[in-house]
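Down below is the structure, laid out as structure tokens.
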Amino acid sequence: MLRYIARRLALGVLTMWALSVLSFVIIQLPPGDFITSYIARLSQSGGTSAVEEVAGLRRAYGLDQPMYVQYLKWMSQILHGNLGMSFSENRPVADLIGERLLLTTVVCVAAIVFTWAVALPIGIYSAVRKYSMGDYLWTLFGFFGLAVPSFLLALVLMYVGFEVFGVSVGGLFSPAFETAPWSLAKVTDLLKHLIIPAVVLGMAGTAQLIRVMRANLLDELGKPYVVTARAKGLSERRLLIKYPVRVAMNPFASSIAFLFPQVVSSTIIVSIVLSLPTVGPLLVTSLQTQDMFLAGTIVLLLGVLTIVGTLISDLILMWLDPRIRLAV
Amino acid sequence: MGSVQDPAGTTARPDVPPTADPAEREEGKDRIYVATQRQLIWWRFRKHKLAMAGLVVVAAFYLVAIAADFLAYSDPHDTSAQRASMPPQPISVLDGGRPSLFTHPLIGQRDLVTFQRTYVADESVKIPIRLFAHGYKYKFLGIVPTDIHLIGAKGAPTENSIFLLGTDELGRDIFSRLLVATRTSLFIGLAGVAIGIALGVILGGISGFYGGITDVVIQRMIEILRSIPTIPLWMGVAAAVPHTWSVERVYFSITLIVSVIGWTELARVVRGKVLQIRDEDFVMAAELVGSKPRRIIFVHIVPLFTSHIIAATTLALPLMIVAETSLSFLGLGLRAPAISWGVMLQQAQNIQTVALAPWMLVPVIPVVVAILAFNFLGDGLRDAADPYS
């Protein structure tokens, strides 16, 4: 078991390292460094910049040094909790990202919870009532869930919300709570607004999971132990929940490893359509204004969020499945 | 997206190709022993109704894409404030009981209360519509210069007369733009997939054939790539494409960026197959006569599962199309004057547009239909890829 944990941790660290290199590449990609664009912006707004100031800035950020030194410098800063400055906003990146990252996590977790809560019962239903009308309906739903990219679903929902219900769908808070400090009322308000993003983001994953659950359970239902339990006189409902569903759920739990990156990815675009105050809109504007420090940090943090989420799901899986817990 | 199971759940395992007649079925039993692999795959594939439908739709999409300029009637770049944000206008097909194609001229007015532009048809005047009419100039298949279009208005500029799906905020015809966008979006997917196949087959082949440390490194690389949220990453890379680049260069770089998404799944399929085949006798025979590993992988092993590669490719295509659409939608992919589904949808990003001009959402339909069709086709191909199972 320790070996399993160690292996997962090692892979997680390796992934984070690869991610940090990729994020650094993204920061470096645009022509010129961020001081160049900073100075361009300064002189545009009428400010003057002395040659010494430029040189000082470059030295402070280590831009006069070779690439790998710059990378190491950036990494050590981040590991010390200093995420750098946003040049377009002139504020520390940490200030800008803080609450948005939290809300991103909340939205993603809500989407995953929705996915699980919906896919599990439907998957069981579809397997038990194989080839029934309901099964076909859910299969059809599954096709569309997979085929409709989440941001298009959000667009269509926005239109339907406006046309049919006359409400503007979007945001995570009512206007009254937008700038209010955190309180119980604000959390309740947030929960109400979470439903639509959770549905939009969870749709594709739900469709996939229903299929996984249905296929797994169908494999289990034909096995002799199910027949034995039935012969023993167990009620159908109890039998189902107690044995085959539990076995079929294991691959289900591991599916979070591919669900989480998907959901985090889609949050970015969906947030823009539904104007959610997550890091998504911030990432897009930072990329458009070439505020690469901010953009790179967001990419890095989103990746870390994904890796940690996957790691946690792996540990849950280990706790759920004795075959993994005891085998290695 | 790797875990897409057989959608219909109806993958029968026929020993005999499907035939209605029992007598013919008897004959079929003999037929199956002499059938080529290609025939077997086709017989298996034909049984999959949804996949057949997918094939038809995909073929139709590519036909439309190839003939986009011919089927379009208005210059997709022609802007005019006089016809901005116009709702879709029907074409009349009957004139007092006689078949005839015509439309009415539209008069634009501004609502003095809401300041919204409204259009009223002038029923007293008819603009006849001709088939194979002259319109804006283009090159058919990119080679033959011509100006013939399927339909066009007679006696008035087509751009000001026909609006099958309405116009956008700049007065450009959405139907014509949609056709041209279909071409861009479908072919960017194809180009991306071509690069993806190359990467996937080479890396997957090497990984499976050599095994050992090479395999471990490549497998970890794939695992890492799959565990990172892709969209933010590609956004970061796409944002670095300079604004000053020409449309073609942007197109090429976005294709490259998009292709890096699709290769991991293919590499896994190829690796699994190579692992399976590596220990076969003919591989050893090839080794003994002194073939180099490169020759063994690409001449002896890979052709054995071409059908699997084709299936995996078909399943990778919708991913590429969605990737391009997402990037362009965010304004980080293709940029105007290029026209793609994502570029068109970019105009429908805010609630005002969606509320006042819902016809701008039309590109959602081809995106969804194309993805569905590719998925059905790919599922069917994957099931048929191994006709001996």
With A:L9 itself left out, Lys, Arg at +1 and Asp, Glu at -1 over residues whose Cβ is under 13 Å from its Cβ give +2
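Provide the gained length on full extension for the span B:L170 to B:L94, in nm with one decimal, where the gain is 0.36 nm per separating residue minus the Cα-Cα distance. Could you put the intermediate results ahead of the total?
Working: separation 76, 0.36 × 76 = 27.36 nm, distance 3.12 nm.
Stretched fully, the B:L170-B:L94 segment lengthens by 24.2 nm.
Checking the a/c ratio against 1.5 first, then a/b against b/c, what shape does the Cα gyration tensor give for the protein assembly as shown? Could the numbers behind the result be given before it?
On the way: a/c = 1.43, a/b = 1.08, b/c = 1.33.
Rounded, because the longest to shortest axis ratio a/c is under 1.5.
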Sequence of B:H308, B:H134, B:H149, B:H48 once ranked by neighbouring C-beta atoms within 10 Å, starting from the fewest:
B:H134, B:H308, B:H149, B:H48
Ratio of alpha-carbon Rg to the 2.2 N^0.38 Å globular estimate for chain A, to two decimals, please.
1.23
If you fit an axis through the alpha-carbon atoms of helix A:93-128 and take the longest principal axis of the Cα set of chain A, what angle between them do you get, 0 to 90°, nearest 10?
20
Partners for B:K137 among lysines (Cα-Cα distance below 20 Å; same-chain residues under 8 apart left out):
B:K154
Any idea how far the Cα center of the stretch A:150-223 sits from the one of the stretch B:55-128, in Å?
37
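Would you calculate the convex hull of the Cα atoms in the stretch A:150-307 and tell me its volume per residue in Å³? Walk me through the numbers on the way to the answer.
Details: hull volume 27.2 nm³, N = 158.
For the stretch A:150-307, the hull spanned by Cα atoms encloses 172 Å³ per residue.
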Test item: Cα-centred dipole of chain B, Lys/Arg +1 and Asp/Glu -1 on Cβ, debye:
400
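Going by C-beta contacts inside 10 Å, put A:K232, B:K47, A:K192 in order with the fewest on the left. Kindly include the intermediate steps, with their values, before the conclusion.
Working: A:K232 8, B:K47 17, A:K192 12.
By the 10 Å Cβ count, ascending: A:K232, A:K192, B:K47.
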Note to self: Kirkwood Rh of the stretch B:263-315, Cα pairs, one decimal, Å, is 11.6
Give a residue-ordered list of calculated ³J(HN,Hα) values for the stretch A:139-154 (Karplus: 6.51 cos²θ - 1.76 cosθ + 1.60, θ = phi - 60°; whole Hz; x for Gly, Pro).
4, 4, 4, x, 4, 5, x, 6, 8, 8, x, 4, 6, 6, 4, 4
Placing +1 on the Cβ of each Lys and Arg and -1 on the Cβ of each Asp and Glu in the stretch B:266-389, which of B:L275, B:V368, B:I297 has its Cα farthest towards the positive end of the resulting dipole?
B:I297
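Could you work out the helix-only [θ] at 222 nm for chain B, with each DSSP H run of four or more residues adding -39,500 (n - 2.57) and the total divided by the number of residues, to the nearest 500 deg cm²/dmol? Could the numbers behind the result be given before it?
Working: 13 runs with 206 residues, N = 389.
One gets -17500 deg cm²/dmol as the mean residue ellipticity at 222 nm.
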What residues have an amide H closer than 5 Å to that of B:L332, excluding those fewer than 5 places away on the same chain, when H is modeled at 1.01 Å from N in the peptide plane?
none
Here the alpha-carbon Rg of the stretch B:209-347 over 2.2 N^0.38 Å rounds to 1.34
Which of the pairs A:K130/A:K223; A:K130/A:K242; A:K223/B:K47 have their Cα atoms more than 24 Å apart in this structure?
A:K223/B:K47
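Quantify how strongly other chains surround peptide A:295-302 by giving the mean number of their Cβ atoms within 10 Å of each of its Cβ atoms. Could the numbers behind the result be given before it?
Values: counts 5, 1, 0, 3, 8, 1, 1, 5.
Mean partner-chain Cβ count within 10 Å for A:295-302: 3.
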Proximal lysines relative to A:K186, as straight alpha-carbon distance under 26 Å, when same-chain residues fewer than 8 apart are discounted
none
About its Cα centre, the protein assembly as shown carries a charge dipole, from +1 on Lys and Arg Cβ atoms and -1 on Asp and Glu Cβ atoms, whose size in debye to the nearest 20 is 1580
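Among B:188-196, A:175-183, B:237-245, A:299-307, how do they line up from the highest to the lowest mean number of other beta-carbon atoms within 10 Å? Provide the component values of the computation, followed by the final result.
On the way: B:188-196: 21.7, A:175-183: 10.3, B:237-245: 15.9, A:299-307: 23.4.
Result, highest mean first: A:299-307, B:188-196, B:237-245, A:175-183.
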For the stretch B:77-158, what's the radius of gyration and Dmax over Cα atoms, in angstrom?
15.7, 51
Could you work out [θ]222 nm for chain A from helices alone, using -39500 (n - 2.57) per DSSP H run of at least four and dividing by all its residues? Round to the nearest 500 deg cm²/dmol.
-26000 deg cm²/dmol
Near the amide H of A:S86, under 5 Å away, which other amide H atoms are found, from residues 5 or more places off or on another chain, if H is placed in the peptide plane?
A:R91, A:V93
Give me the mean projected area, in nm² to one decimal, of the convex hull enclosing the Cα positions of the stretch B:67-214.
14.8
What angle do you read, to the nearest 10 degrees and between 0 and 90, between the alpha-carbon axis of helix A:184-221 and the longest principal axis of chain A?
50
Work out from phi, with θ = phi - 60° and the Karplus expression 6.51 cos²θ - 1.76 cosθ + 1.60, the ³J(HN,Hα) of each residue of the stretch B:303-316, listed in order in whole Hz, and give x for Gly and Pro.
x, 5, 10, 3, 4, 5, 5, 4, 4, 4, 5, 4, 6, 7
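Please order B:E287, A:E220, B:E248 by the number of other Cβ within 10 Å, starting at the fewest. Provide the component values of the computation, followed by the final result.
Working: B:E287 13, A:E220 17, B:E248 9.
In increasing order of surrounding Cβ atoms, one gets B:E248, B:E287, A:E220.
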Under Karplus coefficients 6.51, -1.76 and 1.60, residue-wise ³J(HN,Hα) of the stretch B:63-75 in Hz, glycine/proline x:
4, 4, 4, 5, 9, 3, 5, 5, 6, 6, 10, 10, 4
Helix A:67-79 vs. chain A, principal-axis angle (Cα, 0 to 90°, nearest 10):
60
For B:Y136, list long-range residues whose amide hydrogen, built 1.01 Å from N in the peptide plane, is under 5 Å from its own amide hydrogen.
B:D75
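Here, each number is a calculation from the coordinates, and none is a lab measurement. If you're wondering where the values come from, they're calculated on a predicted model, not measured in any experiment. Positions of Cβ are backbone-derived with ideal geometry, glycine not excepted, and every protein chain shown enters the neighbour counts.
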